[in-house]
Amino acid sequence: MKKQLSKILIFLILTGYILSCDSVKRVAENEHLLTNTAVVVNERKDNTETINNLLYQKPNRKIAGIPLRLHIYNLARNNRDSLFEAWLDATPKRRARLTKKLSKKQLNRLKNSSMGFNNWLRKTGEAPVIVNEEKTKKSVKRLQDYYINNGWFDVETTYNTKKSEDKRASIKYHVETGHPFIIDTISEKVKSPVIDSLYQNIKRNALIKSNEQYKTTNFEQERDRISNELRNSGVFHFDQDYITFEIDTVGTNKKVNVGIQIQDRAIRTQDSIRREPFKIFKIKDVNIITDYTFENRGKPFQDSITYNGYKLYSYNKLRYRPEALTDAIFISPGAVFKDLDRTRTYRHLNELRTFKYPNIQYIENPDNTLTDTIRLTPLKKFSLGFSADASQSNIQTVGFSLNPSLLIRNIFRGAETLEVSVIGSIGASKDKNNIDDPFFDINEMGLDLKLTIPRLFSPFNTESIIPKYMSPSTRMSLSATSQTNIGLDKQTFSGTFNYNWYPNKKVSNRLDLFNAQYVKNLNVNNYFGIYQSSLTSLEQIARAVNYIDSGDNLDFPEETDAFLDYALNPETPSEISNDQLATINSIGERKNRLTEDNLILSSSFSFINDERTNLFDDDFSIFRFKLELAGNLLTSTSKLLGLKKNSDNRYEIFNVAYSQYVKTEFDYTKHWDLGKKNVLAMRSFLGIAIPYGNSTSIPFSKSFFAGGPNDNRAWTAYSLGPGSSETFNEFNEANLKIALNVEQRFNIFEDLNGAIFVDAGNIWNVLDNVEDDSATLTSANSLKDIAIGSGFGLRYDFSFFVFRFDIGFKTYDPSYREQNRWFNDYNFSNAVYNIGINYPF
């Protein structure tokens, strides 16, 4: 192993040396390749991305110290078209022979193909960065401006270019900042009495403060802040141009005296400009035109109504209930003008998904009031959608699906939207249950109804608890699906009723008042046809105890169920050992869990705090929390109705034992921007679901699993855990999960990025009916079964999505119980290869 590593190291060193000798291949004799830049601030080198981004010229980007893209560029040949022509004429009759053999058109194609690869090298590569004196001077100026804008008014900036005889050069920038200037006194001069009164109330939140270092950005942000505060306090004509700052540094001993001036309103006439004090404006009237179009302008209105001070007009019959529109409008008659009200009105009207982008216009009245006119252009009442898909998976050779949908707007005259979608799919399974079945033996049909109401649908007034600026909405949905020849086949019916609201841009809340789900398995006899590993384990034990001959198999479901009944008899046959009995019992419990019908009626609350400022933010955190309670209402109802329990001591509704549990999840993601397109990403997750009352286990659909491209990438989905158990089940799940992921992301070149990662976590059973100690979290000592995977990957950014490829290696495998767990399968043959879309977290 050591010899191999030394050979690899020697190879890399030689490769780097050879490539480095070729770096100046495309550099002219009188030019120099920029190989290094450094910025020294007060005799200390500054490598921060902020400072590096100020430079107009940077060396060619390197990977592992090698300018790979520069070498790719250097592989391209200059004047490739003339070189090809010279090659044609290099030997007698070559051109004539090739033209006769290929035709002139084909010969041109040959020429273009050779040039195409050459052009690809140039496009993929990176041209050498040649030292440019003008750009160096511009970098010096930009460095100087940066430090001046951050309070170092006496900064001195110089540079030194060091050139070598091998056509390489480096540039060192020297910055001497001197002492920073500190803000001392702050005075204000406000002309308008109204503005002065308002300013005294808002200046306590000023961004310019005494004894702090001068920063130009603080003055720019303070101007915006003052302008926004005043425009949200009724000063209709105000903008930030009325605010000026006077900076005095003469004879102040590195101090900055700041004077804030706010001028009176400037009123421009044809010949002059006069100034008047600002005044507070109120909203006199709010007119809402509900069906405005360009063609309708100037026509008389046919319908109108006044509601809570709002005046609604329509060129045709009014098609909306007044409160449906006024609830989305924050500009109120009689209220003080606020710019924020207009912004919120735009946003909420767009969220209705009923109108095109609205037009809001203010008209000034002689009595210092405003008349607001809101013009709404309705979208079409009906919208049709259609999508089709072709797919292939591990269970089907080919599959086709169709998904038509219909969107109905304003269905109940309250700006509600109803979405009706249908799904229909067919597929050809790889392993047919019956050889006489047709080629397309898989089918699925489903219907989904979703109604969105742009307010909280409640008999109570919720405005004081969840005001309308939080964009409250109510969603109701009903769906039904039926699957055939997919797993155990099943029918699913579900319905939800939930509230959504957003206190601010970062926080979102969702309350599911109820979420009902009923799952009926149609083909439970095919259980061992789907879960082949359980069948294999059962047959091995049956052969070992001579229940069947060594060459025989168990037919399902008759023989498999018979052997389970035989082995799990209250009086266990003597030939079955305790270990074998434990395995059989586990198979039986799992079969019962996965084949039972499920009835779940739950309520839940979800909270998300997302600190991202935009899609390109690389320094943020996201916290998610969810609490779900199921079965409590059905239990109370069962007791009130005096229902009897079944043989398993569980209440049943519609002959199905319903589930009862409490489930909670905590998910925290944090990204750190390290600069130069380097990001450190971390995610932690804790989830637990505890059955009680009418349940002793968690439904499969509500349990946790580990592994997969978005979890622990060294294991495939559902293959890890529970705990240290050595299961070979197709789907391993449990009711407790811990996960921790850390990933370092870095740029390779252009849109290609790389990553190295470490994933840790596992699942366990806790407080349920599983008795296997290896699969159960019994104490803190069980945390030694946390699995660790590590690996690396590539990501290509297509702007609208990221294509991801990861390779995960089993670093610490808890399934090795009696021996060392580290690096047992740490090789490419046992690695897991993951393909995903977008980042895992």
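Laboratory data are not the source of any read-out in this text; all were calculated from the coordinates shown. This one's a predicted model, so the numbers in the text were calculated from it and none came from an experiment. Virtual Cβ from ideal backbone geometry, glycine too; neighbours counted across all protein chains shown.
Here the peptides 277-284, 323-330 are ranked by packing, the mean other Cβ count within 10 Å, and the order with the highest first is 323-330, 277-284. Shape of segment 524-595 from the C-alpha gyration tensor: oblate (a/c of 1.5 or more and a/b not above b/c, with a ≥ b ≥ c the square roots of its eigenvalues). Between Ile756 and Asp46, the FRET efficiency estimated from the beta carbon spacing at R0 = 22 angstrom works out to 0.25. Multiplying the residue separation of Asn30 and Asn365 by 0.36 nm and subtracting their alpha-carbon distance yields 113.4 nm. Under a straight-distance cross-link criterion of Cα-Cα below 20 Å, which aspartates and glutamates are reachable from Lys381, leaving out those fewer than 8 residues away in the same chain? Within the straight-line limit of under 20 Å, Lys381 reaches these aspartates and glutamates: Asp291, Glu295, Asp303, Glu323, Glu351, Glu416, Glu419, Asp448. Fully extending the segment from Ala127 to Tyr833, taken as 0.36 nm per residue of separation minus the present Cα-Cα distance, adds 250.7 nm. Sorting the Cα pairs of segment 182-276 by distance into bins of 5 Å, from 0 upward, gives 3, 12, 23, 23, 16, 12, 7, 4, 1, 0 percent per bin. Cross-link reach is defined here as a Cα-Cα straight distance under 25 Å, omitting same-chain residues fewer than 8 places apart; for Lys123 the lysines meeting it are Lys25, Lys58, Lys62, Lys111, Lys135, Lys167, Lys676, Lys677. Taking segment 505-530 and a reference point 7 angstrom along Cα→Cβ of Asn646, the backbone N atoms nearer than 12 Å belong to 521.
Full extension of the chain between Glu575 and Asp154 yields a length gain of 142.3 nm, computed as 0.36 nm times the residue separation minus the alpha carbon distance. Sorted ascending by nearby beta carbons within 10 Å, beginning with the fewest, Lys299, Lys626, Lys163 become Lys299, Lys163, Lys626.
May I ask you to derive the FRET efficiency for Leu447 and Arg413 from their Cβ-Cβ distance with R0 = 25 Å, giving the value to the nearest 0.05?
Working: r = 25 Å, r/R0 = 1.00.
After rounding, the FRET efficiency stands at 0.50.
Which residues among segment 657-676 fall inside the zone where the amide N is under 12 Å from a point 7 Å beyond the Cα of Leu629, along Cα→Cβ? In segment 657-676, the label zone of Leu629 (backbone N under 12 Å from the point 7 Å along Cα→Cβ) covers 661-663.
The structure-derived value of mean projected area of the Cα convex hull in nm² appears in the list (1) 55.3; (2) 57.8; (3) 46.2 under the label (2).
Under the simplified labelling scheme, the Ala38-Asn769 pair shows an inter-label distance of 7.2 nm, with each label point 7 Å from Cα along Cα→Cβ.
Site pair Glu558 and Phe620 shows an inter-label distance of 6.1 nm when each label is modelled 7 Å from Cα along Cα→Cβ.
For the pair segment 294-308 / segment 700-719, the C-alpha centres are spaced 58 Å from each other. Straight Cα distances below 12 angstrom link Lys209 to the aspartates and glutamates Asp184, Glu222, with same-chain residues fewer than 8 positions distant left out.
The count of lysine pairs in segment 282-375 that are at least 8 places apart or cross chains, and whose C-alpha atoms lie under 21 Å apart, stands at 10.
Rounded to the nearest 500, the helix-only mean residue ellipticity at 222 nm of the chain stands at -7000 deg cm²/dmol, with each DSSP H run of n ≥ 4 adding -39,500 (n - 2.57).
With a 10 Å radius around each residue's Cβ, average the other Cβ atoms per peptide and rank 446-453, 689-696, highest first. Write down the numbers at each step before the final one.
Values: 446-453: 16.6, 689-696: 19.1.
Highest to lowest by the protection proxy: 689-696, 446-453.
Where in segment 368-386 does the amide nitrogen come within less than 18 Å of the point 7 Å from the Cα of Glu276, taken along Cα to Cβ? Taking a point 7 Å out along Cα→Cβ of Glu276, the residues of segment 368-386 whose backbone N falls under 18 Å are 368-371. Using 1/(1 + (r/R0)^6) with R0 = 41 angstrom and r between the beta carbons of Asn525 and Lys381, what's the FRET efficiency to the nearest 0.05? About 0.25, to the nearest 0.05.
For the peptides 499-512, 245-258, residues were scored by their other Cβ atoms within 10 Å and the scores averaged per peptide; the highest-first order is 499-512, 245-258.
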